Amino acid sequence: MESLQHNLPRPWALSLAACAISIIAIARVFTPPAALRHLPKVPILPLLWSYFRGEVEDVRIKRLIVPFANERNEGVVLVYAFGRWIVHVLDHKIARDLSADIATWPKEVPPDDMLLWRFVGRTNVILANGKSWQRHSRVVKSALDRNVPIADFVGLGYKLFNVMGEGGRLLWDDLTMRFTLDAVGTTTFGHDFNAIADVNSPFVRKYNGVMDGIASPLYIIFPKLERWVPRPKVIAKIDEMVLLFTHLLEEKKQNAGNDMLTYMLEDPEMSDTEFRDNMVVFFIAGHDTTAGAMSSLVYYLARNPDMQVRAREEVLSAMGQKDPTLENMRQMPFTQACIREALRINTPITYMVPRSSPRPTLMSGSNGKTYALPANTSVILNICAIHYNDSYWPDPYQFNPERFFGKTEKDQTRVDASLWLPFALGPRQCPARNFAMYELRTLASMLLQRWEWTLPNDSPHSKAPQNGFSPFALSLPKNMDVVFKKRE
Ligand code: HEM
Ligand SMILES: *[C@@H]1O[C@H](CO)[C@@H](O)[C@H](O)[C@H]1NC(C)=O
Ligand SMILES: *[C@@H]1O[C@H](CO)[C@@H](O)[C@H](O)[C@H]1NC(C)=O
């Protein structure tokens with residue numbers, strides 16, 4: 001008895017001490033800095049468990065963040081992610097104030113280590129601030145405003161239908177990705193990546209290789225690993241891809257065309273590096289997002305056959321067997337409302353690039369509360385949370401285009417000015433929203449005209465669209481088969 005008591009406590013004591021020390025260490029890592037502790041904090045354990053399980057961003061927001069904020073009537077919450085505490089804005093008034101004042105709220109300089117920035121570069125419209133951003137933005141906006149390339153979208157629609165052949169069960173999220181990739185290629189670079197027609201398109205393969213490398217979960221959670229355990233293979237792939245864009249740029253300088261890059265090249269102030277970095281931005285910002293929206297739209301019209309029928313009747317009465325045009329697409333308000341509702345209910349960009357103010361700031365919410373933030377706090381505008389606030393959007397899980405439905409386009413924009421945020425808001429909202437909306441409207445009307453579709457019986461998406469895992473705040477349906485039937 002004696003000897004037992006003597007021997008046992010020691011290892012116990014040791015492991016107890018070790019346990020206590022690790023709990024204190026973990027508690028310190030997971031406790032917000034003193035200057036942020038007054039803000040409501042989303043409980044850490046459920047968050048860690050969610051990251052650990054690889055739960056996708058939009059599900060985590062709807063399951064943990066929105067209910068937490070709603071119970072306490074808070075418009076701003078602290079969320080732990082990737083080694084730091086970030087302030088999420090969930091209140092539309094704060095969202096609007098923050099988006100309007102780009103001088104107080106510049107985009108945060110992203111961490112050096114992330115390979116995404118090696119690919120995207122730093123001298124481009126999406127990351128720049130101040131004078132430099134104004135210069136980029138002017139060039140990008142004037143290129144996008146030249147014309148809406150509807151005829152190009154129609155041409156690509158026919159190419160896509162060719163590949164869809166007689167229909168049947170098709171991997172729809174893959175097809176939308178190929179469509180939007182060729183749409184960006186054709187209209188912005190004047191270059192045919194041939195992604196729709198060629199299933200083995202080398203460009204697509206290379207691009208996917210790069211993105212998969214960049215998005216390795218371990219490196220996303222611990223970006224510092226890029227310094228400690230560098231990945232020469234991934235880096236070589238990225239550099240090769242960047243070189244491809246450099247070649248495209250050289251080619252364009254020799255052969256001007258009717259594309260946005262040609263317009264941009266007319267600006268004498270931009271350097272080659274700036275052109276190239278903006279090309280990569282257009283490429284990344286332009287195709288995944290639009291593809292996700294197209295997948296979600298087709299998904300919700302498959303789940304709601306009566307709405308599919310109603311949209312089809314509207315499309316057929318507006319354009320018959322003809323192609324979509326700027327004019328006849330104006331006669332499709334219900335289809336337009338379906339697209340807008342798809343962009344609300346499964347918004348492709350879950351939250352915006354972090355902002356950070358160099359000065360202490362005050363935020364006043366529509367709940368009457370004011371939140372004080374110290375200088376240099378990372379702040380994220382959480383688009384998905386605002387789209388699921390049931391004070392703005394009754395029955396947020398319900399696909400209901402009627403929310404947007406008005407007799408004219410003007411009615412529709414009046415309903416929701418600062419609550420519908422798929423393209424963000426303020427001076428830094430998406431400069432391509434018109435471009436993207438017409439791309440979606442063109443393909444949607446052509447699909448409704450020629451095809452009918454349903455979800456397969458064994459679809460894993462039968463209850464809700466299942467988005468893929470993405471570290472870049474993208475929520476895009478993944479592995480979504482749809483059964484298409486040609487209309488006579
Ligand atoms: C449905 C499709 C799209 C969605 C939902 C979308 C959404 C967004 C959002 C939310 C932002 C703001 C990001 C932030 O400030 O944190 C943004 C910015 C931007 N988007 Fe889009 N976008 C779409 C399509 C496109 C396309 C097709 C292009 C190019 C051809 C494009 C180019 C850009 C650029 C250049 C910016 C940066 C603007 C700036 O910082 O001044 N986007 N987009
Ligand atoms: C939802 O909207 C209401 C009304 O504007 C606001 O008071 C509340 O804070 C919002 N909820 C969240 C989670 O932001
Ligand atoms: C905020 O960040 C800037 C730039 O990194 C730095 O110069 C400044 O001292 C920081 N301010 C505070 C209060 O930490």
Scope segment 88-126; condition modelled with pLDDT of 90 or more and within 16 Å of ligand 3 (Cβ to nearest atom); matching residues: Ala103, Thr104, Trp105, Pro106, Lys107, Glu108
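Given the criteria among the small types (Gly, Ala, Ser), over 27 Å from Phe203 (Cβ atoms) and touching a helix residue (DSSP H, G or I) at 6+ places or on another chain (Cβ under 6 Å), does Ala302 qualify? Can you show your working first?
Working: among the small types (Gly, Ala, Ser): yes; over 27 Å from Phe203 (Cβ atoms): yes; touching a helix residue (DSSP H, G or I) at 6+ places or on another chain (Cβ under 6 Å): no.
So Ala302 fails the test.
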Near pairs, Cβ below 6 angstrom, 6+ apart or cross-chain, from segment 25-39 (without any contact (Cβ under 8 Å) to a residue 60 or more places away in the chain) to any residue that is surrounded by 10 or more Cβ atoms within 10 Å (Cβ to Cβ): Phe30/Ile44; Pro32/Leu78; Pro32/Trp85
Total residues in segment 218-252, condition assigned to a loop (DSSP other than H, G, I, E, B), exposed (fewer than 15 other Cβ atoms within 10 Å of the Cβ) and of a type outside the set (D, E, K, R): 3
Index of the failed condition, Ala151 passing every other in (1) surrounded by fewer than 19 Cβ atoms within 10 Å (Cβ to Cβ); (2) within 24 Å of the chain's Cα centre (by Cα); (3) part of a helix (DSSP H, G or I): (2)
Test result for Lys107, touching a residue at least 24 places away in the same chain (Cβ under 8 Å), over 30 Å from Ala464 (Cβ atoms) and either open to solvent by less than 60 Å² (accessible area, probe 1.4 Å) or under 19 Å from the mean Cα position of the chain (by Cα) (or both): yes
Segment 324-366, subset open to solvent by less than 10 Å² (accessible area, probe 1.4 Å) and near ligand 1 (Cβ under 10 Å from one of its atoms), residue farthest from Asn389 (Cα to Cα): Ile339
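Glu266: surrounded by 13 or more Cβ atoms within 10 Å (Cβ to Cβ) and among the charged types (D, E, K, R), yes or no? Reasoning before the result, please.
Values: surrounded by 13 or more Cβ atoms within 10 Å (Cβ to Cβ): no; among the charged types (D, E, K, R): yes.
Judged against the criteria, Glu266 is not a match.
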Residue within segment 155-171 that is touching a residue at least 60 places away in the same chain (Cβ under 8 Å), touching a helix residue (DSSP H, G or I) at 6+ places or on another chain (Cβ under 9 Å), within 16 Å of ligand 2 (Cβ to nearest atom) and open to solvent by less than 20 Å² (accessible area, probe 1.4 Å) present: no
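Which one is modelled with the highest pLDDT, of the residues in segment 138-148 that are open to solvent by less than 30 Å² (accessible area, probe 1.4 Å) and more than 21 Å from the chain's Cα centre (by Cα)?
Step one: of segment 138-148, the residues open to solvent by less than 30 Å² (accessible area, probe 1.4 Å) are 139-140, 143-144.
Next, only the ones that are more than 21 Å from the chain's Cα centre (by Cα) stay: 139, 143.
On the way: Val139: 87, Ala143: 84.
Looking at the filtered set, the residue picked out is Val139.
Among the residues of segment 339-364, what is the count of those that are within 16 Å of ligand 3 (Cβ to nearest atom) and in a loop (DSSP other than H, G, I, E, B)?
At the first step, the residues of segment 339-364 found to be within 16 Å of ligand 3 (Cβ to nearest atom) are 354-362.
With in a loop (DSSP other than H, G, I, E, B) added as a condition, the list becomes 354, 356-360.
Number satisfying all stated conditions: 6.
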Selection within segment 172-199 - modelled with pLDDT of 85 or more and open to solvent by 40 Å² or more (accessible area, probe 1.4 Å): Asp174, Met177, Thr186, Gly190, His191, Asp192, Asn194, Ala197, Asp198
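Which of the residues spanning segment 434-461 are of a type in the set (S, T, N, Q) and in contact (Cβ under 8 Å) with a residue 12 or more places away in the chain?
Those that are of a type in the set (S, T, N, Q) and in contact (Cβ under 8 Å) with a residue 12 or more places away in the chain: Asn434, Thr442, Ser445, Gln449, Thr454, Ser459.
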Single condition Leu47 does not satisfy, out of (1) in contact (Cβ under 8 Å) with a residue 24 or more places away in the chain; (2) part of a loop (DSSP other than H, G, I, E, B): (2)
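Within segment 83-125, which residues are within 16 Å of ligand 2 (Cβ to nearest atom) and not in a loop (DSSP other than H, G, I, E, B)?
Within segment 83-125, the subset within 16 Å of ligand 2 (Cβ to nearest atom) is 86-99.
If the condition is that a residue be within 16 Å of ligand 2 (Cβ to nearest atom) and not in a loop (DSSP other than H, G, I, E, B), then Ile86, Val87, His88, Val89, His92, Lys93, Ile94, Ala95, Arg96, Asp97, Leu98, Ser99 are the ones that fit.
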Residues (surrounded by fewer than 19 Cβ atoms within 10 Å (Cβ to Cβ) and under 15 Å from Thr350 (Cβ atoms)) located in segment 65-99: Ala81, Phe82
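The values are calculated or read from the model by the stated rules, or taken from the named source; none is laboratory data. Since the structure is predicted, the reported quantities are computational estimates derived from the model, not experimental observations. Cβ coordinates were reconstructed from backbone atoms using ideal geometry, including for glycine residues, and neighbour counts include every protein chain displayed. When the accessible area is computed, the model is the full protein with side chains, heavy atoms only, and any ligands, DNA or RNA have been set aside. Shrake-Rupley method; radii C 1.70, N 1.55, O 1.52, S 1.80 Å.
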